[in-house]
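Read through the structure below, which is laid out as C-alpha coordinates, and then see the notes.
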Amino acid sequence: MCSTGTNAELQQTSSDPALVLELKTRRPPSLEGRAGCETWSVDFSPDGAWFAWSMGHGIVWVVAWPLDSEDSQNAEIDRGDKSFSCGHPVWGLAFGPRPPKSSAVARQAKTGKTSKGSKSLLLATGLENGVIKIWNVLTGDAVFDLHGHEGVVRDLVFPQNGTLTLISSSRDKTLRIWDLAQKGKTVQVLSGHKDWISSCCVSSDCSMIASVGRFDRMVCLWSLRSYTFIRKLTGGNYKTLFLLSSCDFSPDGAVLATAAFSGSSWWIDLWDPYTAEKLATLVDYFNDIGQNQISSIQFSPNGLHLAMVTDDRALRIWEPGQRGMVMQTKSDRASNGLCCKYHPQGGVIATGTRDGHVRFWKGPRTVPSLCHLCRSILRQSVSTHQMEPLPLPKRILQYLTYRNIPERLKTCCSSDEEDWEG
(Lines give C-alpha, C1' and ligand atoms only; values in the text may rest on other atoms or scores of the structure.)
Protein backbone atom coordinates (compact mmCIF):
# COMPACT_ATOMS: atom_id res chain seq x y z
CA MET A 1 0.00 0.00 0.00
CA CYS A 2 1.40 3.39 -1.01
CA SER A 3 0.31 6.85 0.06
CA THR A 4 1.67 10.33 -0.54
CA GLY A 5 1.88 13.23 1.85
CA THR A 6 3.99 14.29 4.80
CA ASN A 7 4.69 12.36 7.97
CA ALA A 8 8.12 13.76 8.80
CA GLU A 9 9.33 17.20 9.76
CA LEU A 10 12.51 18.86 8.51
CA GLN A 11 14.95 20.47 10.93
CA GLN A 12 18.04 22.41 9.91
CA THR A 13 19.26 23.86 13.21
CA SER A 14 22.15 22.11 14.91
CA SER A 15 25.22 22.88 16.96
CA ASP A 16 27.21 20.36 14.91
CA PRO A 17 28.71 22.05 11.83
CA ALA A 18 28.67 18.79 9.86
CA LEU A 19 24.90 18.26 10.18
CA VAL A 20 23.09 19.53 7.08
CA LEU A 21 19.54 18.68 8.13
CA GLU A 22 17.46 16.13 10.00
CA LEU A 23 14.20 14.39 9.22
CA LYS A 24 12.17 13.57 12.32
CA THR A 25 9.28 11.15 12.15
CA ARG A 26 6.01 12.43 13.55
CA ARG A 27 4.30 9.76 15.63
CA PRO A 28 2.09 9.62 18.76
CA PRO A 29 4.01 10.33 22.01
CA SER A 30 3.04 6.88 23.27
CA LEU A 31 5.17 5.28 20.54
CA GLU A 32 8.30 7.42 21.02
CA GLY A 33 11.32 5.39 22.11
CA ARG A 34 9.54 2.06 21.91
CA ALA A 35 10.72 -0.97 19.97
CA GLY A 36 9.61 -0.82 16.36
CA CYS A 37 10.56 2.83 15.80
CA GLU A 38 14.03 2.08 14.46
CA THR A 39 15.44 3.19 11.12
CA TRP A 40 17.32 0.02 10.31
CA SER A 41 18.11 0.92 6.72
CA VAL A 42 18.45 3.94 4.39
CA ASP A 43 19.29 4.16 0.70
CA PHE A 44 19.69 6.56 -2.22
CA SER A 45 18.55 5.58 -5.71
CA PRO A 46 21.41 4.89 -8.16
CA ASP A 47 20.95 8.29 -9.84
CA GLY A 48 20.71 10.06 -6.48
CA ALA A 49 17.25 11.46 -7.26
CA TRP A 50 15.38 9.59 -4.49
CA PHE A 51 15.99 8.76 -0.85
CA ALA A 52 14.25 6.04 1.18
CA TRP A 53 14.32 5.08 4.84
CA SER A 54 12.53 2.61 7.07
CA MET A 55 10.87 4.94 9.56
CA GLY A 56 9.57 2.25 11.90
CA HIS A 57 6.30 0.37 12.36
CA GLY A 58 6.45 -1.19 8.91
CA ILE A 59 6.53 2.12 7.01
CA VAL A 60 9.07 3.07 4.35
CA TRP A 61 9.19 6.73 3.35
CA VAL A 62 10.55 7.85 -0.02
CA VAL A 63 11.34 11.48 -0.85
CA ALA A 64 12.82 13.26 -3.87
CA TRP A 65 16.43 14.35 -3.41
CA PRO A 66 17.55 17.01 -2.75
CA LEU A 67 14.82 17.61 -0.19
CA ASP A 68 14.39 21.28 -1.13
CA SER A 69 14.09 20.44 -4.82
CA GLU A 70 11.21 22.01 -6.72
CA ASP A 71 11.70 19.91 -9.81
CA SER A 72 8.45 19.91 -11.72
CA GLN A 73 9.83 19.84 -15.25
CA ASN A 74 8.90 16.20 -15.81
CA ALA A 75 5.14 16.08 -15.41
CA GLU A 76 5.11 12.33 -16.09
CA ILE A 77 6.77 11.54 -12.75
CA ASP A 78 5.20 12.32 -9.39
CA ARG A 79 8.04 13.75 -7.29
CA GLY A 80 5.96 13.99 -4.13
CA ASP A 81 6.72 12.13 -0.91
CA LYS A 82 5.58 8.52 -0.89
CA SER A 83 5.04 6.05 1.93
CA PHE A 84 4.84 2.29 1.58
CA SER A 85 3.07 0.28 4.27
CA CYS A 86 4.77 -3.10 4.44
CA GLY A 87 2.73 -4.62 7.28
CA HIS A 88 5.79 -5.78 9.23
CA PRO A 89 8.95 -4.04 10.54
CA VAL A 90 11.39 -3.26 7.71
CA TRP A 91 15.02 -4.25 8.37
CA GLY A 92 16.58 -3.86 4.95
CA LEU A 93 15.89 -1.91 1.78
CA ALA A 94 17.58 -1.25 -1.54
CA PHE A 95 16.78 0.63 -4.73
CA GLY A 96 17.03 -1.34 -7.93
CA PRO A 97 18.57 -0.05 -11.16
CA ARG A 98 16.48 2.08 -13.50
CA PRO A 99 15.83 -0.23 -16.50
CA PRO A 100 16.06 1.11 -20.07
CA LYS A 101 12.68 2.11 -21.48
CA SER A 102 12.67 -0.40 -24.31
CA SER A 103 14.31 -3.40 -22.66
CA ALA A 104 12.50 -6.67 -22.12
CA VAL A 105 13.75 -6.67 -18.54
CA ALA A 106 11.95 -3.43 -17.86
CA ARG A 107 8.72 -4.81 -19.25
CA GLN A 108 8.99 -7.96 -17.14
CA ALA A 109 9.49 -5.92 -13.98
CA LYS A 110 6.24 -4.03 -14.50
CA THR A 111 2.84 -5.18 -13.40
CA GLY A 112 -0.21 -5.22 -15.57
CA LYS A 113 -1.28 -1.93 -13.98
CA THR A 114 1.66 -0.09 -15.45
CA SER A 115 1.22 1.39 -18.89
CA LYS A 116 3.54 0.42 -21.68
CA GLY A 117 5.38 3.73 -21.85
CA SER A 118 5.73 4.38 -18.14
CA LYS A 119 8.97 4.29 -16.24
CA SER A 120 9.86 2.15 -13.25
CA LEU A 121 12.20 2.38 -10.30
CA LEU A 122 12.16 -0.66 -8.04
CA LEU A 123 12.54 -0.63 -4.27
CA ALA A 124 13.08 -3.88 -2.38
CA THR A 125 12.08 -4.02 1.30
CA GLY A 126 13.14 -6.86 3.61
CA LEU A 127 10.71 -7.61 6.41
CA GLU A 128 10.85 -9.13 9.85
CA ASN A 129 8.68 -12.07 8.79
CA GLY A 130 11.14 -13.12 6.05
CA VAL A 131 9.16 -11.71 3.11
CA ILE A 132 10.72 -9.30 0.60
CA LYS A 133 8.29 -6.84 -0.95
CA ILE A 134 9.12 -5.23 -4.30
CA TRP A 135 7.64 -1.80 -5.07
CA ASN A 136 7.59 0.48 -8.09
CA VAL A 137 8.48 3.85 -6.56
CA LEU A 138 7.37 5.93 -9.53
CA THR A 139 3.86 4.45 -9.68
CA GLY A 140 3.41 3.46 -6.04
CA ASP A 141 2.43 -0.08 -7.04
CA ALA A 142 3.38 -3.26 -5.20
CA VAL A 143 5.02 -5.42 -7.88
CA PHE A 144 5.31 -8.79 -6.12
CA ASP A 145 6.48 -10.51 -2.93
CA LEU A 146 9.45 -12.84 -2.58
CA HIS A 147 9.00 -15.81 -0.26
CA GLY A 148 11.68 -18.20 0.96
CA HIS A 149 13.52 -16.74 3.94
CA GLU A 150 12.46 -18.06 7.34
CA GLY A 151 13.85 -15.20 9.42
CA VAL A 152 14.39 -11.45 9.43
CA VAL A 153 15.70 -10.20 6.07
CA ARG A 154 18.56 -8.09 7.37
CA ASP A 155 20.23 -6.79 4.20
CA LEU A 156 19.48 -6.35 0.50
CA VAL A 157 21.76 -5.37 -2.37
CA PHE A 158 21.53 -5.06 -6.16
CA PRO A 159 24.75 -5.59 -8.18
CA GLN A 160 26.08 -2.57 -10.04
CA ASN A 161 25.80 -4.18 -13.49
CA GLY A 162 22.24 -2.91 -13.98
CA THR A 163 20.57 -6.31 -13.93
CA LEU A 164 17.52 -7.08 -11.82
CA THR A 165 19.39 -9.56 -9.66
CA LEU A 166 18.77 -9.13 -5.93
CA ILE A 167 20.90 -10.59 -3.12
CA SER A 168 19.36 -10.93 0.33
CA SER A 169 20.78 -12.02 3.67
CA SER A 170 18.74 -13.23 6.60
CA ARG A 171 18.74 -14.40 10.18
CA ASP A 172 17.84 -17.84 8.83
CA LYS A 173 21.60 -18.24 8.14
CA THR A 174 21.27 -18.07 4.34
CA LEU A 175 21.75 -15.72 1.43
CA ARG A 176 19.34 -15.90 -1.50
CA ILE A 177 19.80 -14.71 -5.05
CA TRP A 178 16.63 -13.64 -6.85
CA ASP A 179 15.92 -12.83 -10.50
CA LEU A 180 13.35 -10.02 -10.48
CA ALA A 181 13.16 -10.14 -14.28
CA GLN A 182 11.59 -13.58 -13.79
CA LYS A 183 9.08 -12.27 -11.22
CA GLY A 184 11.31 -13.08 -8.28
CA LYS A 185 12.42 -16.57 -9.16
CA THR A 186 14.97 -17.88 -6.63
CA VAL A 187 18.18 -18.48 -8.54
CA GLN A 188 20.25 -19.88 -5.68
CA VAL A 189 20.36 -20.35 -1.91
CA LEU A 190 23.82 -19.93 -0.34
CA SER A 191 24.26 -21.84 2.92
CA GLY A 192 27.32 -22.02 5.16
CA HIS A 193 26.82 -19.55 7.98
CA LYS A 194 26.07 -21.06 11.38
CA ASP A 195 23.99 -18.18 12.71
CA TRP A 196 22.45 -14.80 11.80
CA ILE A 197 23.90 -12.98 8.80
CA SER A 198 24.35 -9.30 9.67
CA SER A 199 25.29 -7.84 6.31
CA CYS A 200 26.19 -8.61 2.71
CA CYS A 201 27.73 -6.66 -0.19
CA VAL A 202 28.74 -7.21 -3.81
CA SER A 203 32.03 -6.33 -5.49
CA SER A 204 32.00 -3.70 -8.24
CA ASP A 205 32.76 -6.25 -10.98
CA CYS A 206 29.84 -8.35 -9.70
CA SER A 207 32.05 -11.42 -9.27
CA MET A 208 31.92 -11.77 -5.46
CA ILE A 209 29.48 -11.55 -2.59
CA ALA A 210 30.77 -10.95 0.94
CA SER A 211 28.73 -11.76 4.03
CA VAL A 212 29.38 -11.46 7.76
CA GLY A 213 27.76 -13.56 10.48
CA ARG A 214 26.93 -11.73 13.66
CA PHE A 215 27.36 -14.57 16.13
CA ASP A 216 29.30 -17.18 14.15
CA ARG A 217 31.99 -14.50 13.49
CA MET A 218 32.45 -15.71 9.91
CA VAL A 219 33.47 -13.48 7.01
CA CYS A 220 32.56 -15.42 3.87
CA LEU A 221 33.19 -14.80 0.19
CA TRP A 222 30.93 -16.31 -2.48
CA SER A 223 31.08 -16.38 -6.26
CA LEU A 224 28.21 -14.52 -7.90
CA ARG A 225 29.07 -16.23 -11.18
CA SER A 226 29.04 -19.87 -10.06
CA TYR A 227 27.06 -19.42 -6.80
CA THR A 228 29.71 -21.30 -4.83
CA PHE A 229 31.63 -20.67 -1.61
CA ILE A 230 35.11 -19.21 -2.23
CA ARG A 231 36.76 -18.80 1.16
CA LYS A 232 36.44 -17.64 4.74
CA LEU A 233 38.59 -14.70 5.88
CA THR A 234 40.32 -15.39 9.18
CA GLY A 235 43.38 -14.37 11.13
CA GLY A 236 44.54 -11.78 13.58
CA ASN A 237 41.42 -11.60 15.74
CA TYR A 238 42.64 -10.61 19.18
CA LYS A 239 39.27 -11.15 20.87
CA THR A 240 37.68 -14.52 21.52
CA LEU A 241 34.19 -13.08 22.02
CA PHE A 242 33.03 -10.50 19.49
CA LEU A 243 30.21 -9.80 17.05
CA LEU A 244 30.43 -8.90 13.36
CA SER A 245 28.06 -6.16 12.24
CA SER A 246 28.78 -4.83 8.74
CA CYS A 247 30.85 -5.14 5.56
CA ASP A 248 31.48 -3.23 2.35
CA PHE A 249 33.66 -3.52 -0.75
CA SER A 250 35.69 -0.54 -1.93
CA PRO A 251 34.35 0.93 -5.21
CA ASP A 252 37.10 -0.83 -7.18
CA GLY A 253 36.42 -4.16 -5.43
CA ALA A 254 40.05 -4.57 -4.35
CA VAL A 255 39.43 -4.09 -0.61
CA LEU A 256 36.80 -5.53 1.71
CA ALA A 257 36.08 -3.76 5.00
CA THR A 258 34.46 -5.62 7.91
CA ALA A 259 33.28 -4.17 11.23
CA ALA A 260 33.22 -5.97 14.60
CA PHE A 261 32.91 -5.13 18.28
CA SER A 262 33.39 -6.71 21.70
CA GLY A 263 32.75 -5.62 25.26
CA SER A 264 35.63 -3.15 25.37
CA SER A 265 36.44 -2.19 21.77
CA TRP A 266 35.33 -2.06 18.16
CA TRP A 267 37.48 -2.44 15.07
CA ILE A 268 37.45 -2.39 11.29
CA ASP A 269 39.57 -4.84 9.31
CA LEU A 270 40.59 -4.22 5.70
CA TRP A 271 41.11 -7.36 3.61
CA ASP A 272 42.35 -8.24 0.17
CA PRO A 273 39.44 -10.45 -0.98
CA TYR A 274 41.58 -12.17 -3.61
CA THR A 275 44.40 -13.31 -1.31
CA ALA A 276 42.59 -13.22 2.09
CA GLU A 277 45.42 -11.02 3.41
CA LYS A 278 44.58 -8.53 6.14
CA LEU A 279 45.81 -5.10 5.01
CA ALA A 280 45.07 -2.86 8.01
CA THR A 281 43.00 -2.51 11.18
CA LEU A 282 41.37 0.50 12.82
CA VAL A 283 40.67 0.01 16.55
CA ASP A 284 38.81 1.98 19.19
CA TYR A 285 38.99 1.18 22.92
CA PHE A 286 36.56 2.47 25.53
CA ASN A 287 35.94 2.28 29.27
CA ASP A 288 32.18 1.67 29.35
CA ILE A 289 31.89 -2.07 28.86
CA GLY A 290 29.37 -2.98 26.17
CA GLN A 291 28.45 0.62 25.38
CA ASN A 292 30.10 1.28 22.03
CA GLN A 293 28.76 -0.90 19.28
CA ILE A 294 29.77 -0.22 15.67
CA SER A 295 26.65 -0.65 13.57
CA SER A 296 27.43 0.19 9.95
CA ILE A 297 30.26 1.04 7.54
CA GLN A 298 30.41 2.21 3.92
CA PHE A 299 33.09 3.36 1.50
CA SER A 300 32.70 6.74 -0.16
CA PRO A 301 31.91 6.64 -3.91
CA ASN A 302 35.50 7.68 -4.78
CA GLY A 303 36.99 5.08 -2.42
CA LEU A 304 39.03 7.58 -0.41
CA HIS A 305 37.07 7.37 2.84
CA LEU A 306 35.18 4.92 5.00
CA ALA A 307 32.14 6.13 6.95
CA MET A 308 31.08 4.42 10.17
CA VAL A 309 28.29 4.69 12.72
CA THR A 310 28.97 3.90 16.39
CA ASP A 311 27.07 4.23 19.66
CA ASP A 312 29.11 7.16 20.94
CA ARG A 313 29.23 9.28 17.77
CA ALA A 314 26.66 9.81 15.03
CA LEU A 315 29.31 9.56 12.30
CA ARG A 316 33.04 9.09 11.81
CA ILE A 317 34.97 9.14 8.55
CA TRP A 318 38.36 7.47 8.20
CA GLU A 319 40.89 7.53 5.39
CA PRO A 320 42.39 4.01 5.36
CA GLY A 321 46.08 4.09 6.10
CA GLN A 322 45.87 7.36 8.02
CA ARG A 323 46.01 7.83 11.77
CA GLY A 324 42.85 9.20 13.35
CA MET A 325 39.69 10.44 11.70
CA VAL A 326 39.30 12.74 8.68
CA MET A 327 36.03 13.81 10.31
CA GLN A 328 34.00 12.82 13.34
CA THR A 329 30.92 14.34 14.91
CA LYS A 330 30.77 15.39 18.52
CA SER A 331 30.70 12.70 21.17
CA ASP A 332 27.06 11.88 21.89
CA ARG A 333 25.86 8.77 23.70
CA ALA A 334 22.30 9.57 22.55
CA SER A 335 23.19 9.50 18.84
CA ASN A 336 21.56 6.04 18.51
CA GLY A 337 23.02 5.43 15.04
CA LEU A 338 22.13 2.24 13.18
CA CYS A 339 23.01 2.66 9.49
CA CYS A 340 24.74 4.96 7.00
CA LYS A 341 24.70 5.52 3.25
CA TYR A 342 26.65 7.83 0.94
CA HIS A 343 24.91 9.77 -1.81
CA PRO A 344 26.04 8.24 -5.16
CA GLN A 345 27.87 11.45 -6.06
CA GLY A 346 29.40 11.76 -2.58
CA GLY A 347 29.47 14.84 -0.38
CA VAL A 348 26.49 13.81 1.76
CA ILE A 349 26.05 10.87 4.12
CA ALA A 350 22.67 9.80 5.52
CA THR A 351 22.43 8.05 8.89
CA GLY A 352 19.43 6.34 10.47
CA THR A 353 18.75 6.19 14.20
CA ARG A 354 16.92 4.05 16.74
CA ASP A 355 14.19 6.64 17.13
CA GLY A 356 13.25 6.50 13.44
CA HIS A 357 14.95 9.75 12.42
CA VAL A 358 17.38 10.43 9.57
CA ARG A 359 20.30 12.84 9.61
CA PHE A 360 22.20 14.15 6.59
CA TRP A 361 25.85 15.04 7.12
CA LYS A 362 28.29 17.05 5.05
CA GLY A 363 31.21 14.79 4.17
CA PRO A 364 34.78 15.92 3.54
CA ARG A 365 35.39 17.14 0.01
CA THR A 366 38.70 15.71 -1.13
CA VAL A 367 39.94 15.68 -4.71
CA PRO A 368 41.40 12.22 -5.45
CA SER A 369 44.99 12.15 -6.59
CA LEU A 370 45.84 10.99 -10.10
CA CYS A 371 47.53 7.95 -8.55
CA HIS A 372 44.35 7.01 -6.69
CA LEU A 373 42.19 7.43 -9.81
CA CYS A 374 44.55 5.28 -11.89
CA ARG A 375 44.58 2.56 -9.23
CA SER A 376 40.81 2.59 -8.92
CA ILE A 377 40.28 2.22 -12.66
CA LEU A 378 42.89 -0.52 -12.97
CA ARG A 379 41.69 -2.55 -9.99
CA GLN A 380 38.10 -2.63 -11.19
CA SER A 381 39.14 -5.17 -13.82
CA VAL A 382 42.46 -6.59 -12.59
CA SER A 383 42.68 -8.90 -9.55
CA THR A 384 45.58 -9.09 -7.11
CA HIS A 385 46.64 -12.42 -8.62
CA GLN A 386 46.85 -10.78 -12.03
CA MET A 387 48.75 -7.80 -10.63
CA GLU A 388 51.48 -9.70 -8.80
CA PRO A 389 53.27 -11.21 -11.87
CA LEU A 390 53.51 -7.85 -13.65
CA PRO A 391 57.08 -6.50 -14.06
CA LEU A 392 56.48 -3.41 -11.96
CA PRO A 393 58.72 -1.69 -9.40
CA LYS A 394 58.00 -2.97 -5.90
CA ARG A 395 56.77 0.37 -4.63
CA ILE A 396 54.24 0.72 -7.45
CA LEU A 397 53.04 -2.86 -7.04
CA GLN A 398 52.53 -2.32 -3.32
CA TYR A 399 50.49 0.79 -4.01
CA LEU A 400 48.34 -0.93 -6.64
CA THR A 401 47.62 -3.85 -4.28
CA TYR A 402 46.92 -1.61 -1.24
CA ARG A 403 49.97 -2.99 0.56
CA ASN A 404 51.58 0.43 0.89
CA ILE A 405 50.16 1.16 4.35
CA PRO A 406 53.10 1.77 6.73
CA GLU A 407 53.61 -0.90 9.39
CA ARG A 408 53.06 1.62 12.17
CA LEU A 409 49.62 2.49 10.75
CA LYS A 410 48.42 -1.03 10.04
CA THR A 411 46.79 -1.01 13.46
CA CYS A 412 45.78 2.46 14.59
CA CYS A 413 43.40 3.89 17.16
CA SER A 414 40.42 5.99 16.09
CA SER A 415 40.71 8.35 19.06
CA ASP A 416 43.97 9.95 17.91
CA GLU A 417 42.05 12.96 16.53
CA GLU A 418 39.97 15.62 18.26
CA ASP A 419 36.36 16.36 17.31
CA TRP A 420 35.88 17.79 13.84
CA GLU A 421 34.84 21.42 14.13
CA GLY A 422 34.16 22.71 10.62
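Observations on the structure shown:
- Stretched out straight at 0.36 nm per residue, the stretch from Y399 to Q160 would grow longer than its current Cα-Cα span by 83.5 nm.
- Cleavage-rule hits, trypsin sites (Lys or Arg not before Pro), the stretch 112-221, DSSP coil, Cβ neighbours within 10 Å at most 16: K113, K116, K183, K194
- Sparsely packed trypsin sites (Lys or Arg not before Pro) within the stretch 319-388, loop by DSSP, other Cβ within 10 Å at most 14: R333, R365
- Neighbours of T275 by Cβ distance under 11 Å: Lys/Arg scored +1, Asp/Glu scored -1, total 0.
- Spacing of the two label points (7 Å from each Cα toward its C-beta) at E388 and T366, in nm: 2.8 nm
- Taking other residues whose beta carbon is less than 11 angstrom from the beta carbon of V131, and scoring Lys, Arg as +1 and Asp, Glu as -1, yields -2.
- In this rough spin-label picture, where each label sits 7 Å from Cα along the Cβ direction, the D145-S223 distance is 3.6 nm.
- Stretch gain in nm, segment L67-K185, where the contour uses 0.36 nm per residue and the Cα spacing is subtracted: 38.9 nm
- Solvent-accessible heavy-atom area per residue, rounded to whole Å², over the stretch 177-233 at 1.4 Å: 41 Å²
- Simple spin-label estimate for S85 and D47 gives 3.0 nm between the two label positions (7 Å along the Cα-to-Cβ direction from each Cα).
- Environment charge of Q293, counting only residues whose C-beta is closer than 10 Å and scoring Lys/Arg +1, Asp/Glu -1: -2
- At an R0 of 25 angstrom, the distance between the Cβ atoms of F215 and T281 translates into a FRET efficiency of 0.75.
The values are calculated or read from the model by the stated rules, or taken from the named source; none is laboratory data. On a predicted model such as this, the values are computed, not experimentally measured, just so you know. All Cβ positions, glycine included, derive from the backbone under ideal geometry; neighbour counts span all protein chains shown. Side chains are part of the model used for accessible areas, which takes the heavy atoms of the whole protein and leaves out ligands, DNA and RNA. Shrake-Rupley method; radii C 1.70, N 1.55, O 1.52, S 1.80 Å.
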